[in-house]
Amino acid sequence: MSKTKVVYACQQCGRQQTKWSGRCPDCGEWNTLAEEVLQAKGAQPTASLGADVPRPIGTIGGDAAPRIACGLAELDRILGGGVVVGSVTLLGGDPGIGKSTLLLQFANLVAQAGHKVLYVTAEESALQIKLRADRLGAGSDRLYLLCETGLESIKTHVEKLKPSFVIVDSIQTLASPEIPSAAGSVSQVRECASQLMYLAKRGGVCLFLIGHVTKDGSLAGPRTLEHLVDTVLYFEGDRYQSYRIIRAVKNRFGSTNEVGIFEMTGTGLSEVKNPSAYLLGQGGRGIPGTVVIPALVGTRSLLVEVQALTTKTSYGVPTRRVSGADFNRVCMLLAVLEKRVGLHLGIHDVFVNVVGGIFVDEPTADLGIAVAIASSFRDRATPPRTVFVGEVGLGGEVRGGAQLASRLQEAARMGFEKAILAADCLKGLDVLPRGIEAVEVKTVAQTLDLVL
Ligand code: TYD
Ligand code: MG
């Protein structure tokens, strides 16, 4: 008999402690600690990944990690140019958002490209998956389906079938007999994931794990998985609307902050070819408080709309609400507008929103946000077809902007004609994209005189 130990694990953040308490000291949630029995044996795979010996770094093959692209350009890009062989990816999202749909489509595409794929469904019946597959046109004969919740049996099938891809839908419904706690508990999820990962790394299998998200947006229980896996993708969007966003929050083989935009159609998810057009939408232009900025999202530039609304405070303390941008940065911009431009925002509620579910946290968005706030405050719209690029300093000065060329190209492609930017940042740029006129500014006050 192996030795067992009882711990209390938070089902929200994964914290473990020896005593029960009503509130998790780490994440602050109430009633999330549950008793789990840990077994000394089986908690970690004991065998090593291979018989490796220390080698000089220069003698290690310099080739980039081999990747397999599936052909869905948006998905390949968020993965950093395709799936790295032997990597483990966690896909999180609300129920019904389209996780199973996306990975079934993905499975079929790589199967059609000649790779053997095993889709393990621990939630739905084979018939349910088959009906979905028919709808998606996923019928490759290299795509295998397995309905199983037992970890041991899945491991045996993976070893026998030797697939290049294994997709587990979902990790919270798997259970290992070695762990006495229920499926979905922190120790079960961690044990199942680490055993599958070990199998994947040893056999060069690309492993995809689907995980559910709790109401507050964190991956339920398996937050501890985030540091085990190579890539963490979040599927977001309103399931009553057709657009979906996939965000890479961690990627050992590519850029994070990368975003892929999809549309849910009658035949599965299709990539949105012109994301700037989707993000800008139809309305907004010509309304005071609305400004367009070319933002760097992951490795590409996208045009996003920043909206601000200022209203006189009715109850003593002014409210500030920010979504899609950094709260502290917006507070700093409010102080700059108050002190350097003389806008009395201290007696106004301020709301700032970045449209389309994109989070803009780069300083280069400062100028656009400041102009949006001032535009709403003065109730005057900014000129049409104009974008704003630049970081705002505490003195009210406007500075630089990384990757200006790609931002201006995207603005020109979307039919914008004028870019308002820092006086010094055009130096590094060889040519301006056709159709874009650059207007150089030195301070926020000067910008506002120019456009409002
Ligand atoms: P699903 O992929 O099962 O979501 P998850 O695995 O994240 O829980 O289902 C997503 C939703 O998408 C479901 O409500 C039905 C809908 N859907 C379509 O609109 N078109 C399609 O082609 C498919 C397969 C599903
Ligand atoms: Mg599903």
Describe numerically, in nm with one decimal, the distance between label points set 7 Å from Cα along Cα→Cβ at residue 113 and at residue 30. 5.0
Need the full-extension length gain, residue 145 to residue 160, defined as separation in residues times 0.36 nm minus the C-alpha distance. One decimal, nm. 4.0 nm
Suppose the chain between residue 228 and residue 344 were pulled fully straight at 0.36 nm per residue; how much longer would it get relative to their current alpha carbon spacing? 36.8 nm
Hey, if we sort 344, 212, 157 by accessible area with the 1.4 Å probe, largest down, what's the order? 344, 157, 212
Each label sits 7 Å from Cα toward the beta-carbon; between residue 328 and residue 312 the label points are separated, in nm, by 3.4
Partnerless cysteines, meaning none of the other Cys C-beta atoms lie under 4.7 Å away, in the chain: 70, 147, 192, 206, 331, 425
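Cα-based Rg of the chain per 2.2 N^0.38 Å, rounded to two decimals?
Here the Cα radius of gyration is 1.13 times the empirical estimate.
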So for the range 66-273, using the alpha carbon gyration tensor with a ≥ b ≥ c as root eigenvalues (a/c under 1.5 gives rounded; past that, a/b versus b/c decides prolate or oblate), I'd call it rounded
Roughly to the nearest percent, how much of the accessible area of the chain is carbon and sulfur, given a 1.4 Å probe? 53
Please calculate the 1.4 Å probe accessible area of residue 144, with all protein chains present, and give it to the nearest 10 Å². 90
Unit Cα scatterers, Debye sum, the range 172-215: log10 I(q)/I(0) for q = 0.16, 0.18, 0.27, 0.30 Å⁻¹: -0.44, -0.55, -0.96, -1.06
Distance from the range 78-113 to the range 302-323 (C-alpha centre basis), Å: 37
Where does the range 82-139 land on Rg/Rh, using Cα atoms and the Kirkwood Rh? 0.95
Given 128-140, 160-172, the highest-first ranking by average Cβ count within 10 Å works out to 160-172, 128-140
Determine the relative contact order of the chain: mean sequence separation of Cα pairs under 8 Å and six or more apart, normalised by residue count, in whole percent. 12
Quick check for you: with a 1.4 Å probe and neighbouring chains kept, what is the accessible area per residue of the chain, in Å²? 46
What share of Cα pairs, in percent, lie more than 18 angstrom apart in the range 246-366? 60
Rounded to the nearest 10, the angle in degrees between the Cα long axis of helix 366-378 and the longest principal axis of the Cα atoms of the chain comes to 50
Output needed: percent of Cα pairs per 10 Å distance bin for the range 350-450, bins running from 0 to the one holding the longest distance. 15, 49, 33, 3
extent check for the range 225-289: Cα max minus min per principal axis, descending, whole Å, gives 47, 34, 20
So if I take the centroid of the Cα atoms in the range 371-422 and the same for the range 144-171, what is the distance between those two points in Å? 51
Residues listed by number, the range 131-159, amide nitrogen under 15 Å from residue 202 label point at 7 Å toward C-beta: 152-159
Hey, what number do you get for the chain at 222 nm if only DSSP H runs of n ≥ 4 count, each worth -39500 (n - 2.57), divided across all residues, to the nearest 500? -7000 deg cm²/dmol
Distance violations [Cα-Cα > 29 Å] among 201/250; 99/273; 5/116; 5/155; 99/160; 130/162: 5/116
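The values are calculated or read from the model by the stated rules, or taken from the named source; none is laboratory data. Everything numeric here is computed off the predicted structure, so don't read it as measured data. Methodologically, a virtual Cβ is constructed for each residue, glycine included, from the backbone with ideal geometry; neighbour enumeration extends over all protein chains shown. For accessibility, only protein heavy atoms count, side chains too; no ligands or nucleic acids. Shrake-Rupley method; radii C 1.70, N 1.55, O 1.52, S 1.80 Å.
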